[in-house]
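Worksheet: one structure, shown below.
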Amino acid sequence: MIKVVIIDDEYYARESLKELIKEMSSFEILGCFESVENFLKSKIKNDTDVIFLDIELPKITGIKASKYLEKYKVVFVTAYSEYAVDAFEVHALDYLTKPVSEIRFIETINRIEKEFKNTKLNKLAVENNKEIIFLDFEEIYYFEYFNKKILAITKNGEYTLKHFKNLNKFEKEIPYTFLRVHKSYIINLEYVDKFIKDPNSLEMKNGKIIPIGKTHIKNIKNILNI
């Protein structure tokens, strides 16, 4: 999943962007902020991939603020077209003019996905007895953190990941068809068979019941259109 933050001092502008982003299954909205300062003070700053940043912010413009956001991909969103040159001089990923049309927004989404696709893992090295083999992500039902190891569960069995020990770091490296649903589980959306209401959980196509963490339930319902 691509983790997204919105920074805009206007409530309705934030809500409008949220509605557009929610329709994108490979994106997760981590939070919304009225200023860059508030975002940089937040706990989610280290988990963020992309920031949709308003240019006309109080105290400091989005252009000037972008120097504090160099580690992120930034999409500027503004009512003023005259800032476009300045935006691309600070290496913005894209520049959207309010009100943002759905067609133009899809172009931005495609650009973001293309940018991140080039940085993701293609195959996964896992331990198989005394050998190291490579799995295609399409083979994997889900990942489970168990006994200080990450296990990849496939139709043919389970395998221990060779180079990753932490789900938080690992989830940033994998394709967007995978979704964190619990502190111990990341699932492949392609293999979800059922949503179970009580307790909130997912049944995978191999019959495994995966619990859904309280902090993940809202996002999962949005993505699955429940």
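Structure data summary
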quantity: Selection within the range 31-42 - of a type outside the set (Val, Ile, Thr) and buried (at least 19 other Cβ atoms within 10 Å of the Cβ); calculated: CYS32, PHE33, PHE39
quantity: Pairs, first of a type in the set (Ser, Thr, Tyr) in the range 154-172, second not in a strand (DSSP E or B), C-beta under 7 Å, six or more apart; calculated: THR154/GLU139
quantity: Strands (runs of 3 or more DSSP E) contained in the range 157-226 and holding at least 1 residues modelled with pLDDT under 90 and either touching a His at 6+ places or on another chain (Cβ under 8 Å) or within 28 Å of GLU19 (Cα to Cα) (or both); calculated: 178-182
quantity: Qualifying residue in the range 51-64 (condition: part of a helix (DSSP H, G or I), among the small types (Gly, Ala, Ser) and touching a residue at least 40 places away in the same chain (Cβ under 8 Å)); calculated: yes
quantity: Qualifying residue in the range 136-152 (condition: outside any strand (DSSP E or B), crowded, with 20+ Cβ neighbours inside 10 Å and of a type in the set (Val, Ile, Thr)); calculated: no
quantity: Residues of the range 180-201 that turn out to be of a type in the set (A, V, I, L, M) and out of contact with any Phe, Trp or Tyr (no Cβ under 6 Å at 6 or more places or on another chain), as a count; calculated: 4
quantity: Lone qualifier among LYS71, LYS98, LYS45, LYS18 - being of a type in the set (Lys, Arg) and at pLDDT 90 or above; calculated: LYS18
quantity: Residue match in the range 143-157 (condition: more than 30 Å from ASN200 (Cβ to Cβ) and of a type outside the set (Gly, Ala, Ser)); calculated: no
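The values are calculated or read from the model by the stated rules, or taken from the named source; none is laboratory data. Just so we're clear, the structure is a prediction, and the values are computed from it rather than from any experiment. All Cβ positions, glycine included, derive from the backbone under ideal geometry; neighbour counts span all protein chains shown.
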